[in-house]
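A.B. asks: Next up is a structure, given as structure tokens.
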Amino acid sequence: MGKTETKTEPKLKSYDDETELVERLKQGDPDAVEQMYNANIDRVYSMVYNQVDKDREVAQEIVQETFIAAVKAIKYFQLRSSISTWLYSIASRKVADFYRHKKREDKYRVGYEVDSEKLPDSDQAEAGTGETEDSNIAIRQALLKLPLHYRQAVVLKYIEGFSVSDIGEIMGRTEKSVEGILARARKELQDELAIPGEG
């Protein structure tokens, strides 16, 4: 039977040898740094890239800052989460810093390749094939109007495919808090995407 390629929800589980890897990182082992980098670079880059208008230069800079920060802070890492989760949380803070340093956030547009069907309760964005591109533009513009932590939760959940539990770990919030953020974000998206009635 042939292997079928299916995109599964990313898992943020510890490596079997993660304790050993962390110890090697704390000892400054360059091979351990390379191992951590190689195991996580693709997912960290994807997450950042989807939040900075697909700007490769900015994404690369933030990812580089993320791994540098991780190496510097590894002595404080207590293995309460996996290394992957820890790196995603650092990357999320770096993205937030990127926007915080911009006084006018909407000057730096965040672009997303969004499949409108992945976003719940967005029937108004599914009118027909001729309107797909217009729908995606409308969704991207609506996402831009959300507060940053709403956008991050939406991107992590509906674009990157993380579970609520994983998003909570990445964003440093409880699952209940993440569920609340996602519910409010969906409501704001629906309000933004709703077409007002005439008369």
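The values are calculated or read from the model by the stated rules, or taken from the named source; none is laboratory data. No experiment lies behind these values; they were computed from the predicted model shown. For neighbour counting, all protein chains shown are included, and Cβ atoms are generated from backbone atoms with ideal geometry for every residue, glycine included.
A.B. asks: Which of the residues that make up the range 28-59 are farther than 21 Å from residue 167 by Cβ, without any contact (Cβ under 8 Å) to a residue 12 or more places away in the chain and surrounded by 13 or more Cβ atoms within 10 Å (Cβ to Cβ)? Break it down stepwise before answering.
C.D. replies: Here is the first cut: in the range 28-59, the residues farther than 21 Å from residue 167 by Cβ are 28-38, 53-58.
From what is left, the residues that are without any contact (Cβ under 8 Å) to a residue 12 or more places away in the chain are 28-32, 34, 38, 55-57.
Hits for the range 28-59 are 29, 32, 55.
A.B. asks: On to the next question. May I ask you to list pairs of residues, at least six apart or on different chains, whose Cβ atoms are under 7 Å apart, with the first in the range 167-184 being touching a residue at least 40 places away in the same chain (Cβ under 8 Å) and assigned by TED's automatic domain parsing to the domain that holds residue 87 and the second being among the acidic types (Asp, Glu) and crowded, with 17+ Cβ neighbours inside 10 Å?
C.D. replies: none
A.B. asks: Between residues in the range 136-164 that are assigned by TED's automatic domain parsing to the domain that holds residue 94 and residues that are not in a loop (DSSP other than H, G, I, E, B), which pairs lie under 8 Å by C-beta distance while being six or more apart or on different chains?
C.D. replies: No pair meets every condition.
A.B. asks: Search the range 158-197 for residues being among the small types (Gly, Ala, Ser) and part of a helix (DSSP H, G or I), and hand back the single one that is farthest from residue 146 (Cα to Cα).
C.D. replies: Residues of the range 158-197 among the small types (Gly, Ala, Ser): 161, 163, 165, 168, 172, 177, 180, 183, 185, 194, 197.
In the following step, the residues that additionally are part of a helix (DSSP H, G or I) were identified as 165, 168, 177, 180, 183, 185.
On the way: 165: 22, 168: 19, 177: 16, 180: 14, 183: 12, 185: 7 Å.
Here the answer is 165.
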